[in-house]
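Read the structure below first, then the notes.
Any read-out appearing in this document is the output of simple, stated calculations on the displayed coordinates, not a laboratory observation. What you see is a predicted model, and the numbers here were worked out from it, not measured in a lab. Don't worry about glycine lacking a Cβ; one is built from the backbone with ideal geometry, like all the others, and counts go over all protein chains shown.
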Amino acid sequence: MAQISFKVDPTFYPSAKSATKAPPESLAYVAGIHANGEKPDFVGVIDVDPSSPTYSKLISKVELPYKGDELHHFGWNACSSVLCPNGKPNLERRYLIVLGLRSSRIYVIDTKPDPKNPKLVKVIQPKEVVEASGYTRLHTVHCGPDAIFISALGNSEGEGPGGILVLDHYTLEVLGRWEVDRGDQYYSYDFWWHLPSEVMVTSEWAVPNTIEGGLKAENLANRYGNRLHFWDLRKRKRISSVTLGEENRMALELRPFHDPTKLMGFVNIVVSTKDLSSSIWLWYHEDGKWNAEKVIDIPAQPLESGLPEILKPFKAVPPLVTDIDLSLDDRFLYVSLWGIGEVRQYDVTNPFKPKLTGKVELGGIYHRKNHPSGAKLSGAPQMLEVSRDGKRIYVTNSLYVAWDNQFYPEGITGWVVKLNADPNGGLKLDERFFVDLKNARAHQVRLQGGDASSDSYCFA
């Protein structure tokens, strides 16, 4: 028989179940932010191989050429979605697409041929982004089957509507604005999809002019979003919207189920104007209609002393759930409580009735829990990244510089820690793993070969 010569990138998997059998990651990439803007931001490389002599060390950096980017989320140029029927399987997971949230600049970092020493190979300037799409303040990257998608918070004046722009898979140039018919969608934040059903889901934070000067309580009631939008992915048209309670504001991270036969997923609400609680909602499709239901409620914690100015009138610490992540087997949902200082693990085998199965206290306004090594944990758990096999969760501590400074006025030193997950439920801190970014702040982590929030799958 003839030998088949075409080779697909071995980090691509047709289903989430097959991806859980991938080899463990040996490297992690982290966004490092210089909050004062005196130095450019960087993408750092962390050794996460427990057998390595440099385990838990920052082993190299890609120093960026411009100041004031404020790196936030970043992602891969290609991932398992290219194995979908309409995908481009000749691509490889090679480039990190890195976004400046403040600057609207796009960096392309090549992790090949030496993943431990990646190189900056392309810069797309803000002017090019605005001219092609009309959007600014770039937030989230997802590698689709047919292009690279990037969300943006607003327009060139710092108002709305925000939306999504598209990069070409091969040239890595901005093609233009994705939406054809948005209806009354105005706020933007995260997006993801149910690929075989050709449905995109988007969430809402706020426009740039509302967030960039810090959080103002008077804006909470009507200047922050609280809706999910559902789109026809092919027609690029909004088909439905769901409001997540009038008192609930800032609908942020979208985590659809990795099993493509399940048209459901989780989104976190940062704060309720009624009682400062946070909540997790489940969206789902039933009887031809998109719905959403609150499935987890996390109350604020009373506290009299040690509060930052912004919380003193309330005499309480809101949970401030700022990130969630769903394991590839769709069994465990991880939740960061950036105000209180916790990472929680919920068993979501029954997604309508999650069960709390694990908890670790780290930093926080409420707990102020330090690392077992003795290192002070300023800030609190913010971004979460789950390994493909579901056994490791990487945690960083910076939200957004202007907001960091309000809730943690004593200052934030960037750190990365690792939690180990029990397959039967339970969380434990890896006491050997602590990465200190010193004068920089740490935002998102991406794992070599992929992670639970990088890839989407078309096969069950």
Kirkwood hydrodynamic radius of region 385-436, Cα pairs, Å: 12.5 Å
Could you work out, for region 83-176, what percent of all Cα-Cα pairs fall into each 5 Å distance bin, beginning at 0 Å and stopping at the bin that holds the largest distance? 3, 13, 24, 23, 17, 12, 6, 2, 0
What does the charge count around Val271 come to, taking other residues whose C-beta lies under 11 Å from its C-beta (Lys +1, Arg +1, Asp -1, Glu -1)? 0
Hey, what number do you get for the chain at 222 nm if only DSSP H runs of n ≥ 4 count, each worth -39500 (n - 2.57), divided across all residues, to the nearest 500? -1000 deg cm²/dmol
Using 0.36 nm per residue of separation minus the Cα-Cα distance, give me the extension gain between Asn219 and Tyr284 in nm, one decimal. 20.4 nm
Mind checking which lysines have their C-alpha under 16 Å from Lys88, skipping anything on the same chain fewer than 8 residues away? Lys7
Radius 14 Å from Cβ of Leu437, net charge of other residues (Lys, Arg +1; Asp, Glu -1): +2
How about Lys127: which aspartates and glutamates have a C-alpha closer than 19 Å to its C-alpha, ignoring those fewer than 8 places off in the same chain? Asp69, Glu70, Glu157, Glu159, Asp168, Glu173
Given axes a ≥ b ≥ c from the Cα gyration tensor, I'd like to know whether region 356-460 is rounded (a/c under 1.5), prolate (a/b larger than b/c) or oblate. prolate
Expressed in nanometres to one decimal, the distance between label points 7 Å along Cα→Cβ at Glu410 and Lys262 is 4.0 nm
Note down the relative contact order for the chain as a percent, whole number, built from C-alpha pairs under 8 angstrom at least six residues apart. 14 percent
Over all viewing directions the Cα convex hull of the chain casts an average projected area in nm² of 21.5 nm²
Could you work out the relative contact order of region 340-460, using alpha carbon pairs under 8 angstrom and six or more residues apart, expressed as a whole percent? 23 percent
Amide H within-cut-off set for Trp415, under 5 Å, with H built and near neighbours excluded: Asn397, Leu437, Ala442
For Phe314 and Glu131 in the same chain, what is the full-extension length gain: residue separation times 0.36 nm, less their Cα-Cα distance, in nm? 61.5 nm
Amide H of Ser26 versus every other amide H placed in the peptide plane: which residues, excluding those fewer than 5 positions away on the same chain, fall under 5 Å? Gln448
Going by C-beta contacts inside 10 Å, put Thr111, Thr261, Thr357 in order with the fewest on the left. Thr261, Thr357, Thr111
For region 324-400 and region 432-449, what is the separation of their Cα centres, given in Å? 15 Å
With θ set to phi - 60°, apply the Karplus curve 6.51 cos²θ - 1.76 cosθ + 1.60 along region 448-460 and write out the HN-Hα couplings as whole Hz, x wherever there is a Gly or Pro. 4, x, x, 7, 6, 10, 8, 9, 10, 10, 10, 10, 7
Which of the residue pairs Lys61/Lys418; Lys122/Lys237; Lys67/Lys438; Lys369/Lys418; Lys116/Lys438; Lys312/Lys418 have a Cα-Cα distance greater than 26 Å in the structure shown? Lys122/Lys237; Lys312/Lys418
Give me the net charge of Leu419's neighbourhood, meaning all other residues with Cβ under 9 Å from the Cβ of Leu419; Lys, Arg count +1, Asp, Glu -1. +2
Quick check: from the Cα gyration tensor, does region 179-312 come out rounded (a/c under 1.5), prolate or oblate? prolate
How much FRET efficiency would the formula 1/(1 + (r/R0)^6) give for Thr54 and Ala460, where r is the Cβ-Cβ distance and R0 is 35 Å, rounded to 0.05? 0.35
Rounded to the nearest 0.05, what FRET efficiency is calculated for Leu303 and Ser373 with R0 set to 25 Å and r the Cβ-Cβ distance? 0.40
Given H placed on each backbone N at 1.01 Å, which residues far from Val317 in sequence or on other chains put an amide H within less than 5 Å of it? Gln301, Leu303
What shape does region 1-80 take by its C-alpha gyration tensor, where a ≥ b ≥ c are the square roots of the eigenvalues and a/c under 1.5 counts as rounded, a/b above b/c as prolate, and the rest as oblate? prolate
